[in-house]
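The values are calculated or read from the model by the stated rules, or taken from the named source; none is laboratory data. Bear in mind that the values here come from a model prediction, so they are computed numbers and not experimental data. Cβ placement follows ideal geometry from the backbone for every residue including glycine, while neighbour counts extend to all protein chains displayed.
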Amino acid sequence: MFLLFTCAKSPDTHEHWSSTCADAEAAVLAAYHSLSPRHRLAIVRVGSSQAEADNSPFRSDFDILLHDVPTFMRYERNNQGYANTSFVLEGQSVANADLIEYALTEAKSVTSTRKNSVETISDYAAYRRMARLFEDLVPTYLLFMSG
């Protein structure tokens, strides 16, 4: 799965408060739709202003530690079944079509996730629910017994 953390859009104008966010979202969506990757894309709206984005709970989330908006990252399961982030682009580099294409084509496909879908998430709680579902799609239970 790929995550694009970007600015929220104004309810009045439906525009991003940052042109960097607008450029990044357009570049990611264009690459995603042209390549038709076998991965899910979640667009996470972080805040409706720079101050709100700076104080966002995404900044202190241990799994992602968001440093900048926009940020594009691969979110995948490791060998132990836990999700981790890799291939992180931040700021203006998120609008670089070549880097986005590389990330989308080099990622491993996980067969149990929904394919080729774009989802928009507007708050931190919804993001955590989505992340937890991603990690828990294929639960593994171990029972150790000693006789």
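One residue alone among Phe87, Phe58 is modelled with pLDDT of 75 or more and on the phi > 0 side of the Ramachandran plot, and that residue is Phe87.
Inclusion of His39 among residues that are modelled with pLDDT under 90, part of a loop (DSSP other than H, G, I, E, B) and on the phi > 0 side of the Ramachandran plot is not warranted.
Restricting the search to the range 9-37, which residues are surrounded by 15 or more Cβ atoms within 10 Å (Cβ to Cβ) and in contact (Cβ under 8 Å) with a residue 40 or more places away in the chain? Listed by number, the residues that qualify are Ser18, Thr20, Cys21, Asp23, Ala24, Glu25, Ala27, Val28, Leu29, Ala31, Tyr32, Pro37. Within the range 68-106, the set of residues being acidic (Asp, Glu) and part of a strand (DSSP E or B) comprises Glu76, Glu90. Working only within the range 9-30, note down all residues that are among the polar types (S, T, N, Q), part of a helix (DSSP H, G or I) and in contact with a helix residue (DSSP H, G or I) (Cβ under 9 Å, 6 or more places away or on another chain). Once the filter is applied, which keeps residues that are among the polar types (S, T, N, Q), part of a helix (DSSP H, G or I) and in contact with a helix residue (DSSP H, G or I) (Cβ under 9 Å, 6 or more places away or on another chain), the range 9-30 yields only Thr20.
Pairs are defined by a Cβ separation below 8 Å, a sequence spacing of at least 6 or placement on different chains, a first member in the range 52-67 that is surrounded by 14 or more Cβ atoms within 10 Å (Cβ to Cβ) and part of a loop (DSSP other than H, G, I, E, B), and a second member that is modelled with pLDDT of 80 or more and charged (D, E, K, R); the pairs so defined are Leu66/Arg59.
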